[in-house]
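Quick note: the coordinates plus some simple rules give every number you see, no bench work behind them. Bear in mind that the values here come from a model prediction, so they are computed numbers and not experimental data. FYI the Cβ positions are ideal-geometry reconstructions off the backbone, even for glycines, and counts take in every protein chain you see.
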Amino acid sequence: MEGVTEESYRLAVSKAFPEWDLYATDFLRVPSEGNYKTSKVLGHFGELAYKNEKLRKKTTFQILTSSRANTQQTVELIDAIGFDHLDLNIGCPSKKVNAHKGGAYLLSDIPALREILKTIRSNFKNCFTVKIRIGYKDTNNFEDLLKLFEDEGVEAITIHGRTRDQLYRGLADWSYIKKAVEVSNLPIIGNGDIWTTADINRMFAETGCHSVMAARGALKTPWLATLYREYGDEINESFLLQERKKFLEIYFYELDREYKREGRSEDHILKRFKALSRYIFDDLEEGDDLKNNFLRSRSYNEFSDVLSSIF
Ligand SMILES: Cc1cc2nc3c(=O)[nH]c(=O)nc-3n(C[C@H](O)[C@H](O)[C@H](O)COP(=O)(O)O)c2cc1C
């Protein structure tokens, strides 16, 4: 997730909640002018995260590119440094990105997308996957896209069940995920509106998908995989709230440690914590008050006091 899953975040979450099967970097934009050096690519992933072999194997490196960008050079570099998993972002709905014919725009231009897929496939030897929406303006070419990915050697498809034009409106349409499972031979990863363990079970039951991906749900409940692995569907609300408090403490403790290890100032850490608190207090009885107090904290110490008051 852009602005969230930087190295320190991934290190902290993987320490606190190792039950996730796969983590993802936010996207590295392939440059249209000039070339990246090894230090830029490695820096995007994070050197510590790279040196941690177990975590590296569990992390997908995401890129975002367009026909004009120098995809070959960047992918060659990613391959040479040695990553296990490369993911192409074909879902980003940003106006600026789409105006440069990148992200979700590529869903509407199959010839351009085909060339990019060929370039990546022929220059990256390990697992290559794509992350898509169900269309750009509409879903008319959805099945053509699925066929394209199979033809061009993609190894799995993550599908966010909204078109680019829908942005985040309405509910994600999981029927397209089901459709993809039916017509494609590739593993399909279902995405969109997974907030709880019950949603995970429902996604599997309704679509038959291979696995699921959570974004906002993982921001709200960074320990969602832990709950799913350890308790499945058998959790009642009051238990969940008790667990939320316990896990919140672990989450912020590990984040704090990673940010401090990176030498960030307390002001900076406070800003990061505020940015990460959008959904995190939801469902707690006193959640609205906590969030307000949290967002109003003027210092790291004030913030720590609010946090301590929860436990
Ligand atoms: C803050 C934020 C940043 C995101 N950044 C990325 C990104 O870098 N790459 C990507 O493929 N999707 C990104 N997404 C989209 C999510 O991966 C996901 O497809 C979308 O949020 C729907 O899933 P959800 O309902 O689980 O949030 C981002 C979403 C959010 C909320």
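Scanning the chain for GluC sites (Glu not before Pro) in DSSP loops with at most 10 other Cβ atoms within 10 Å, what's the longest stretch left with none? Write out the running numbers ahead of the final one.
On the way: sites that count: Glu33, Glu234, Glu285.
Result, exposed sites excluded: 34-233.
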| remark: Once phi for every residue in region 212-217 is put through the Karplus expression 6.51 cos²θ - 1.76 cosθ + 1.60 (θ = phi - 60°), the whole-Hz ³J(HN,Hα) values, with Gly and Pro written as x, are 10, 10, 10, 10, 4, x
| Most fluctuating residue given options Asp84, Asp26, Asp267, as computed from a GNM of the chain linking Cα atoms under 10 Å | Asp267
| said: Working only with C-alpha atoms, what are the Rg and Dmax values of the chain, expressed in angstrom? | reply: 19.9, 57
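Let me know the longest stretch in the chain that avoids all trypsin sites (Lys or Arg not before Pro) found in a DSSP loop with at most 14 other C-beta atoms within 10 Å.
Segment 170-277 is the longest.
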| Under-5 Å amide H pairs with Ala156, H placed in peptide plane, nonlocal only | Val130
| note | In order over region 134-142: 3J(HN,Hα) from phi, Karplus 6.51/-1.76/1.60, θ = phi - 60°, whole Hz, x for each Gly or Pro, gives 7, x, 8, 8, 9, 10, 4, 9, 4
| message | Under 5 Å between amide hydrogens, which residues at least 5 positions from Asp173 or on another chain qualify, with H placed 1.01 Å from N in the peptide plane? | response | Gly161, Arg162
| message | Could you give each residue of region 176-188 its phi-based ³J(HN,Hα) in whole Hz, using Karplus coefficients 6.51, -1.76, 1.60 with θ = phi - 60°, and x for Gly or Pro? | response | 6, 5, 4, 4, 4, 4, 6, 9, 9, 8, 8, x, 10
